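Peer 1: What follows is a structure written as structure tokens; I'll ask about it next.
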Amino acid sequence: MNKSQHISLDLHGSKHEDAEILIDEFIIKNIDKLPLEIITGNSVACEIYLIGGVRTVELGTLAFGVAGENGKPDEPSTHELVRLAAPRRTYTQSHFDYVAEVLEKLAENKEKLKGYEIIEQPKQLRHFTAKLRPL
């Protein structure tokens, strides 16, 4: 990637709350044209991990949606979020630069982002033990 294509996401000196907002805005800005059934928080979280090994957590339909009964579709969550927690004084600017590069790769390949289908789930707390399959 040449320097003219590099998207900067400088989190150095940002408060924790501000860093969360900046990351959310970065994702929203770069992945804005996909239908909701594809662009779920879980799809984004999985792809971030597959691209760069960065662990995040989905806080959307998988965690807070209501499972449909008798083959009916799930009732989606009101939000599809991905949370990236960064403990203070643990990571350096180069760590955040790497995360920004992973998010750039995600944005570059947004057309290839796939949704996930739940193939097995418990009645409660499904986001912990549900089994998913890429669409």
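The values are calculated or read from the model by the stated rules, or taken from the named source; none is laboratory data. The shown structure was predicted, so the numbers you read here are calculated from the model rather than taken from an experiment. Cβ: placed from backbone, ideal geometry, glycine included. Neighbour counts: every protein chain shown.
Peer 1: If I ask for residues that are in a loop (DSSP other than H, G, I, E, B) and surrounded by 12 or more Cβ atoms within 10 Å (Cβ to Cβ), which ones from the stretch 49-69 would you list? First the steps, then the outcome.
Peer 2: Going residue by residue through the stretch 49-69, those that are in a loop (DSSP other than H, G, I, E, B) are 53-56, 60, 65, 67-69.
If the condition is that a residue be in a loop (DSSP other than H, G, I, E, B) and surrounded by 12 or more Cβ atoms within 10 Å (Cβ to Cβ), then VAL54, THR56, GLY60, GLY65, ALA67 are the ones that fit.
Peer 1: Of these, LYS72, LYS114, which one is in contact (Cβ under 8 Å) with a residue 24 or more places away in the chain and either in a loop (DSSP other than H, G, I, E, B) or of a type in the set (Ser, Thr, Tyr) (or both)? Show your work before the answer.
Peer 2: Values: LYS72 fails: in contact (Cβ under 8 Å) with a residue 24 or more places away in the chain.
Just a single option satisfies the conditions, and that option is LYS114.
Peer 1: When the residues of the stretch 87-96 are narrowed to those that are surrounded by fewer than 16 Cβ atoms within 10 Å (Cβ to Cβ) and in contact (Cβ under 8 Å) with a residue 24 or more places away in the chain, which ends up nearest to PHE64 (Cα to Cα)?
Peer 2: Quick first cut of the stretch 87-96, residues surrounded by fewer than 16 Cβ atoms within 10 Å (Cβ to Cβ) only: 87-95.
Next, only the ones that are in contact (Cβ under 8 Å) with a residue 24 or more places away in the chain stay: 88, 93.
Details: ARG88: 28, GLN93: 33 Å.
Going through the qualifying residues, I end up with ARG88.
Peer 1: Okay, next question. Does VAL82 satisfy the criteria of being modelled with pLDDT of 85 or more, outside any helix (DSSP H, G or I) and among the aliphatic types (A, V, I, L, M)? Reasoning before the result, please.
Peer 2: Values: modelled with pLDDT of 85 or more: yes; outside any helix (DSSP H, G or I): yes; among the aliphatic types (A, V, I, L, M): yes.
Judged against the criteria, VAL82 is a match.
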